[in-house]
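Presented below is the structure to which this report refers.
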Amino acid sequence: MVIFSGIQPTGRKHLGNYIGAILNYVKGQDKADPAIYCIVDLHGTTVQYDPAELRQRTRETAALLVAAGLDPERCVLFRQGDVQEHSELCWLLSSVTSVGQLNRMHQFRDKAGAARERASAGLLFYPVLMAADVLAYRAHEVPVGEDQREHIELMRDVAEAFNKRFGETLVVPEGNIPTVGARVRDLKEPEKKMSTTGGTDKGRVYVDEDPASIVKKFRGATADSGREIIVADDKPGISNLIEILAVVRDTTPGEIEKAFEGSGYGDFKTAVGEEVAAWLTPTRERFNEIKDDTTEIERFLQVGAEKARAIAAPVLADVREAMGVGPVR
Ligand code: TYM
């Protein structure tokens, strides 16, 4: 079974990325053959950005994934822009993707906002490149958070449309979205997801954040009215904290409800903050040790890119052949 996932290099990684995706990347290493993870720098060019910062953040994201437990020897860890098969397949898949499908994507509508006519064509094409990322490896499973559900649906549609038109060539992948922690919410505005670009500064906890600051943010989390510590639709703030702690303790939300029955919101928020801070500490420490070793990061990214190319190139050859592009093999 092949697992593939991608993560954007834009911005500092937060608890939502960690719980919704990165934890499952690490687990994927034990069950997949191979587990392939990609830092999607090409996707990072679809919004306004600074080139030097993109390069720097890409390396930092690679270092963070390693600090969190990815082993570049055991998985395939690489930078999207190093493997040209992604861009080529993106173009080839565009022939089985309609403008209407892309126009309807929520992420495009949200990111482009009212000025949709002026958004980059890259932003519109974002989901096609994402489909190419996964389909180039004939991946079966894609670990992601809830916010990527629509993108997964699109890549499945694209793979099916391709196979129907050009013959069975591509694997139709499945998303793997966690049952708990698939949508970590902003601590201050729990009706929103925790996000790099949206949400609030005080409501976003970074993976490499200093423990005292993490605890402070949890103490300042918006609690709901009432006093019960239970998961409920009208308690988005407390439900979020319960889910987070359930992931940290590797248990169920029900067990957390039981453990804190009768406690006050203040004590509960402090407890969650302290446990999250302690839980992230090994990753933060390891990240700080390795993040500035550019030579080593570039080395393992190049090794990863070679391994990735060796898998993607034959798939691209099949796609080109099926589509009648280039000479007969
Ligand atoms: P990105 O970089 O925005 O996010 C990386 C992963 O983190 C998850 N995530 C969350 N999970 C739970 N709660 C949250 N608040 C939260 N915020 C983010 C995301 O669901 C994601 O899994 N389009 C992708 C990158 C991508 C990709 C791919 C993913 C490019 N190509 C191919 C899978 C396969 C993205 O923007 O992720």
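All of the numbers you see were taken from the coordinates with simple rules; none came from a lab. Computed from a predicted model, the values in this text were never measured in an experiment. Heads up, the Cβs are rebuilt from the backbone with ideal geometry, glycines too, and the neighbour counts pull from every protein chain shown.
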- Amide proton proximity set for residue 11, modelled H, under 5 Å, gap of 5+: none
- Item | Selected from 29, 290, 171, residue furthest toward positive end of dipole (the chain; charges at beta carbon) | 171
- Task: Mind putting a number on the dipole of region 211-288 about its Cα centre? Charges go on the C-beta only, +1 for Lys and Arg and -1 for Asp and Glu, and I need it in Debye to the nearest 20.
- Result: 420
- Message: Which one, 230, 313, 96, projects farthest toward the positive side of the charge dipole computed for the chain from Cβ point charges (K/R +1, D/E -1)?
- Response: 96
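Grab the other residues whose beta carbon is less than 14 angstrom from that of residue 254, score K and R as +1, D and E as -1, and report the net. Numbers along the way, then the final one.
Values: positive: 249, 258; negative: 228, 243, 250, 255, 257, 261.
Its environment carries a net charge of -4.
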- Whole-angstrom gap from region 37-57 to region 258-329, using each part's C-alpha centre: 15
- Which whole-Hz couplings ³J(HN,Hα) result when phi for each residue of region 221-237 is put into the Karplus expression 6.51 cos²θ - 1.76 cosθ + 1.60, θ = phi - 60°, listed in order with x for Gly and Pro? 4, 5, 8, 9, 6, x, 9, 7, 9, 9, 7, 7, 4, 8, 10, x, x
- Query: Among 254, 151, 215, whose Cα sits farthest toward the positive end of the charge dipole of the chain (+1 at Cβ of Lys/Arg, -1 at Cβ of Asp/Glu, about the Cα centre)?
  - Reply: 151
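Rounded to the nearest 20 Debye, what is the dipole magnitude of the chain about its Cα centre when Lys and Arg each give +1 and Asp and Glu each give -1 at the C-beta? Working shown, then result.
Details: 42 positive and 51 negative charges, 128 e Å.
The dipole magnitude comes to about 620 debye.
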- Just list whichever of 217/258; 31/269; 192/307; 192/269 have alpha carbons separated by over 30 Å in the model shown. 31/269; 192/307
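Report the full-extension gain for the segment residue 174 to residue 225: residue separation times 0.36 nm, less the Cα-Cα distance, to one decimal in nm. Intermediate values should be presented prior to the final figure.
Working: separation 51, 0.36 × 51 = 18.36 nm, distance 3.85 nm.
Once the chain is fully extended between residue 174 and residue 225, it gains 14.5 nm.
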- Expressed in nm to one decimal, what extension gain is obtained for the pair residue 31 and residue 213 from 0.36 nm per residue of sequence separation less their Cα-Cα distance? 62.0 nm
- Query: Normalised by the number of residues in region 58-211, what is the relative contact order in percent for Cα pairs under 8 Å and 6+ residues apart?
  - Reply: 17
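Let me check against my output: what whole-number percent is the relative contact order of the chain, with C-alpha pairs under 8 Å and at least 6 apart? Kindly include the intermediate steps, with their values, before the conclusion.
Values: 525 pairs, mean separation 72.4, N = 329.
RCO, the chain: 22 percent.
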- Sequence order, region 145-156: Karplus ³J(HN,Hα) from phi using 6.51 cos²θ - 1.76 cosθ + 1.60, θ = phi - 60°, Hz rounded, Gly and Pro as x, gives x, 3, 5, 9, 4, 5, 5, 5, 4, 4, 5, 5
- Message: About the Cα centre, and with charges only on the beta carbon of Lys, Arg (+1) and Asp, Glu (-1), how big is the dipole of region 52-100? Nearest 20 debye, please.
- Response: 140
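As a check on your grasp of the helix formula, calculate [θ] at 222 nm for the chain: sum -39500 (n - 2.57) over DSSP H runs of n ≥ 4, divide by the residue count, round to the nearest 500.
Calculated from helices alone, the mean residue ellipticity at 222 nm is -16000 deg cm²/dmol.
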- Gyration tensor (alpha-carbon) shape descriptor, region 172-248, a/c threshold 1.5: oblate
